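Student: Right, I'll just put the structure down here and ask away after.
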Amino acid sequence: YEVDIHNRLTIQALAQFLQESASNHAALLGFGVESLLKNNRTWVLSRLAVEIRESIPLGETITIKTWPADTDKLFFIRDFEIINSKGSIIGSATSRDVACYIARYVPTVLNLFIHIYMLDKFLSNRR
């Protein structure tokens, strides 16, 4: 189910890989799903824009790099690079997520500390 009839990675499968990468990275930074669940919140994907420069054939090893890029009101913006086994960037993506209360899926403003922490982590990782 991860490849199409031409044995290329499907956009749906790539989107799942991107979300898994985002989830793992958010957990490393201290505000993954498990962390948010303690306060009855969770992440909800609002938008995902993907640009593929080169198709990904069956058997290709890819690396996904991701980092918090910015915030916009209630949205947390995350960028991605998709890199093939030769080290070439073959795609990029941007996601917009919002933290929501679980009971009603109403967007919630997370502590300003998280905004500052994310930006600081982003800037220190990009230096």
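The values are calculated or read from the model by the stated rules, or taken from the named source; none is laboratory data. None of the values given here were measured: they were computed from a predicted structure. Don't worry about glycine lacking a Cβ; one is built from the backbone with ideal geometry, like all the others, and counts go over all protein chains shown. Keep in mind that these areas ignore ligands, DNA and RNA; they rest on the heavy atoms of the full protein, side chains included. Shrake-Rupley method; radii C 1.70, N 1.55, O 1.52, S 1.80 Å.
Student: I'm checking my understanding of the structure. Among residues of the stretch 85-110 that are modelled with pLDDT under 95 and among the β-branched types (Val, Ile, Thr), which one is surrounded by the fewest Cβ atoms within 10 Å (Cβ to Cβ)?
Tutor: Val106
Student: Applying the selection to the stretch 59-84, what residues are more than 20 Å from Val98 (Cα to Cα) and either surrounded by 14 or more Cβ atoms within 10 Å (Cβ to Cβ) or modelled with pLDDT of 95 or more (or both)? Lay out the reasoning, then the answer.
Tutor: In the first step, residues of the stretch 59-84 are kept if they are more than 20 Å from Val98 (Cα to Cα); the result is 59-65, 81-84.
Answer for the stretch 59-84, where residues must be more than 20 Å from Val98 (Cα to Cα) and either surrounded by 14 or more Cβ atoms within 10 Å (Cβ to Cβ) or modelled with pLDDT of 95 or more (or both): Glu60, Thr61, Ile62, Thr63, Ile64, Lys65, Glu81, Ile82, Ile83, Asn84.
Student: For the stretch 7-22, give me each residue that is touching a residue at least 40 places away in the same chain (Cβ under 8 Å), over 12 Å from Ile52 (Cβ atoms) and not in a loop (DSSP other than H, G, I, E, B).
Tutor: Phe17, Gln19, Ser21, Ala22
Student: Continuing with this model, one more query. Give the residue, chosen from Lys86, Lys65, that is without any contact (Cβ under 8 Å) to a residue 60 or more places away in the chain and outside any loop (DSSP other than H, G, I, E, B). Reasoning before the result, please.
Tutor: Values: Lys86 fails: outside any loop (DSSP other than H, G, I, E, B).
Within the list Lys86, Lys65, the selection yields Lys65.
Student: A further question follows. Any idea which of Leu36, Leu29, Leu48 is out of contact with any His (no Cβ under 6 Å at 6 or more places or on another chain), modelled with pLDDT of 95 or more and among the aliphatic types (A, V, I, L, M)? Steps first, please.
Tutor: Values: Leu36 fails: modelled with pLDDT of 95 or more; Leu29 fails: modelled with pLDDT of 95 or more.
So the residue among Leu36, Leu29, Leu48 that is out of contact with any His (no Cβ under 6 Å at 6 or more places or on another chain), modelled with pLDDT of 95 or more and among the aliphatic types (A, V, I, L, M) is Leu48.
Student: Go through the stretch 23-50 and give me each residue that's without any contact (Cβ under 8 Å) to a residue 40 or more places away in the chain and open to solvent by 80 Å² or more (accessible area, probe 1.4 Å).
Tutor: Asn24, Leu28, Glu34, Lys38, Asn39
Student: Residues of the stretch 42-65 being over 15 Å from the mean Cα position of the chain (by Cα) and of a type outside the set (Ser, Thr, Tyr), which ones? Walk me through it before giving the result.
Tutor: Narrowing the stretch 42-65 to residues over 15 Å from the mean Cα position of the chain (by Cα): 52-62.
Answer for the stretch 42-65, where residues must be over 15 Å from the mean Cα position of the chain (by Cα) and of a type outside the set (Ser, Thr, Tyr): Ile52, Arg53, Glu54, Ile56, Pro57, Leu58, Gly59, Glu60, Ile62.
Student: Scan the stretch 31-40 residue by residue and report those that are part of a loop (DSSP other than H, G, I, E, B) and under 15 Å from the mean Cα position of the chain (by Cα). Give the steps one after another, and end with the answer.
Tutor: Residues of the stretch 31-40 that are part of a loop (DSSP other than H, G, I, E, B), as a first pass: 31-32, 38-40.
Scanning the stretch 31-40 gives Phe31, Gly32.
Student: If Glu54 satisfies all but one of (1) under 22 Å from Ile5 (Cβ atoms); (2) part of a helix (DSSP H, G or I); (3) among the charged types (D, E, K, R), what's the number of the condition it fails?
Tutor: Result: Glu54 passes all but (2).
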